[in-house]
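Notes follow once the structure below has been shown.
The values are calculated or read from the model by the stated rules, or taken from the named source; none is laboratory data. Just so it is clear, the structure is predicted and the values come from calculations on it, not from any experiment. Quick reminder, even Gly has a Cβ in these numbers, built from the backbone with ideal geometry, and neighbours come from all protein chains shown. Quick note on the areas: whole protein, heavy atoms, side chains included, nothing else; ligands and nucleic acids left out. Shrake-Rupley method; radii C 1.70, N 1.55, O 1.52, S 1.80 Å.
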There are 2 protein chains.
Amino acid sequence: MNFTRTMKRNYSKLMFKQLFDSTSFTYTYIIADLNSKSCILIDPVLEKVERDIKLLKEFDLDLKYILDTHVHADHVTGTSKLMETFPNSSWVIGTKNKPNINFQRVQYVKDDDEISVDDIKLKVLETPGHTNGCISFYSDGRVFTGDTILVRACGRTDFQEGNANQLFDSIKNKIYKLPDETLLYPAHDYNGISNSSIKEEKLYNPRIFETQTREKFVEIMNNLNLAKPKLIHVAVPANLIGGIISK
Amino acid sequence: MNFTRTMKRNYSKLMFKQLFDSTSFTYTYIIADLNSKSCILIDPVLEKVERDIKLLKEFDLDLKYILDTHVHADHVTGTSKLMETFPNSSWVIGTKNKPNINFQRVQYVKDDDEISVDDIKLKVLETPGHTNGCISFYSDGRVFTGDTILVRACGRTDFQEGNANQLFDSIKNKIYKLPDETLLYPAHDYNGISNSSIKEEKLYNPRIFETQTREKFVEIMNNLNLAKPKLIHVAVPANLIGGIISK
């Protein structure tokens, strides 16, 4: 067996790590350029920030951007706590989530914007529907979809200006237009599946497979009858300002 | 940004999926050759077998081997249930775990054995210490270590013929001899970290970093004072025969 050949394929100066919070079932992602030591972090969870800081410090990483795919309703983001620890970091969030306060070190992003730090390159896709301000990030063959589309599921559309018609457009006209082999990394999974691909979801997502009609999708989404997330009244106001919880 | 270039890098006919059981904090792995449809599965969990079968059937996969890194003490393996569903599958386990019954469709493997199914190639490393029969698998830049070494931790050595001296040798002389950039995929993680690398563990594993002495390691391991796993009396006898629970 030729081990040397395959070794090279997996070795890259870009480090990618998927992290999980087993309380809220949230995935957090780190992408780091191990040459320059710059890194970005997607969807941190407040209760897991100490773990994340320890990891970043082990690699001597300089956190440049903390990206939130949306204003989460089920957990508080770790953004503000990370910004305290890493003075060179800025918060990146969709332009439709502007809070009514003067919050420093924020970069509001819109469709087609690019986030670039040394060899880390991400492209913003506005993907409203789960919430009005949802964005996804495409980078290096991977798409980070937040709650827009999950593995064999998608985000609910019954609060925070959620809209099933908009979600249909975001998935069909943005996410599903990426190459089939793109790996899909969501903000949550409740069945222990770490990722998917565009092709898999087109074929097997029971809510929005490739040939699903808009009418059927909207009917499914408008009849889920889910209870509201327990933390919504704490999480949404806190997440609008990067996870600062008012005392 | 050149998206086309990076797309190709992630596209492969070999599919790799990491799966998680949030009750026992166990990782299960699927490696599939999407051309031939053959696949192997590492460390399945009984309670998650329906999820695994659904995934394999979606991809129309023919399960050839179910690999158990060891006789687990904290959960029951899904091997026997998977073998019922996939008639072409065999169980692969370390040669030191031979049960005293005539169990069909088993392949006992030892150091340096190779498991090969179409384009999927794995090499067996005997890594005793957590249990006497523990094995690890190396494949395509990844090592699946079971409980031999975990992210910033390692398996305990206080039952099932566990032995701290043997574990020291297995980690230092087998696992740490793999190239530094090899990605390390354990059987468990309790902090939501999905993987590591040989280099990371050599630098940051508090039990067995690169310059740790044998004496210090054995002292740490012999003074953990852990309670026994709750399921040990059910799991160990069941796992010796692929997860069949006697009624």
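Could you look through segment B:118-130, keep only residues that are in contact with a Phe, Trp or Tyr (Cβ under 8 Å, 6 or more places away or on another chain) and open to solvent by less than 10 Å² (accessible area, probe 1.4 Å), and pick out the one that is farthest from the other protein chains (Cβ to nearest Cβ)?
Narrowing segment B:118-130 to residues in contact with a Phe, Trp or Tyr (Cβ under 8 Å, 6 or more places away or on another chain): B:122-125, B:129.
With open to solvent by less than 10 Å² (accessible area, probe 1.4 Å) added as a condition, the list becomes B:122, B:124, B:129.
Values: B:L122: 9, B:V124: 12, B:G129: 23 Å.
Among them, the one singled out is B:G129.
Of everything in segment B:138-153 that's small (G, A, S) and closer than 17 Å to B:S170 by Cβ, which residue is nearest to the other protein chains (Cβ to nearest Cβ)? Walk me through it before giving the result.
Going residue by residue through segment B:138-153, those that are small (G, A, S) are B:139, B:141, B:146, B:153.
Checking which are closer than 17 Å to B:S170 by Cβ leaves us with B:146, B:153.
Details: B:G146: 18, B:A153: 13 Å.
Ranking the candidates gives B:A153 first.
If I ask for residues that are without any contact (Cβ under 8 Å) to a residue 60 or more places away in the chain and touching a Lys or Arg at 6+ places or on another chain (Cβ under 9 Å), which ones from segment B:107-136 would you list? Spell out how you get there, then give the answer.
The first filter runs over segment B:107-136 and keeps only residues without any contact (Cβ under 8 Å) to a residue 60 or more places away in the chain, leaving B:107-114, B:116, B:121, B:123-129, B:132.
If the condition is that a residue be without any contact (Cβ under 8 Å) to a residue 60 or more places away in the chain and touching a Lys or Arg at 6+ places or on another chain (Cβ under 9 Å), then B:Y108, B:K110, B:D111, B:D112, B:D113, B:E114, B:V124, B:L125, B:E126, B:T127, B:P128, B:N132 are the ones that fit.
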> Quick one: which of A:K216, A:K177, A:K230, A:K172 is at pLDDT below 95, of a type outside the set (F, W, Y), surrounded by fewer than 18 Cβ atoms within 10 Å (Cβ to Cβ) and on the phi < 0 side of the Ramachandran plot?
Replying inline: A:K230
>> Any residue in segment A:66-93 that is in a strand (DSSP E or B) sitting within a Cβ distance under 7 Å of a residue that is polar (S, T, N, Q) and open to solvent by less than 10 Å² (accessible area, probe 1.4 Å)? List the pairs, counting only those 6 or more apart or interchain.
In response: A:I66/A:T79; A:I66/A:S89; A:T77/A:N239; A:W91/A:T79
>> Could you check segment A:176-212 and list, in sequence order, the residues that are in a loop (DSSP other than H, G, I, E, B), touching a helix residue (DSSP H, G or I) at 6+ places or on another chain (Cβ under 9 Å) and within 22 Å of A:G162 (Cβ to Cβ)?
In response: A:N205, A:P206, A:R207, A:I208, A:F209, A:Q212
>> If I ask for residues that are buried (at least 18 other Cβ atoms within 10 Å of the Cβ), within 19 Å of B:E84 (Cβ to Cβ) and either within 13 Å of chain A (Cβ to nearest Cβ) or touching a Ser or Thr at 6+ places or on another chain (Cβ under 6 Å) (or both), which ones from segment B:25-50 would you list?
In response: B:T28, B:I30, B:D43, B:P44, B:V45, B:K48, B:V49
>> With the requirement that a residue be within 21 Å of the chain's Cα centre (by Cα), closer than 22 Å to A:S80 by Cα and charged (D, E, K, R), what does segment A:209-247 give you?
In response: A:K230
> Does A:I115 satisfy being more than 12 Å from A:H70 (Cβ to Cβ), buried (at least 18 other Cβ atoms within 10 Å of the Cβ) and among the aliphatic types (A, V, I, L, M)?
Replying inline: yes
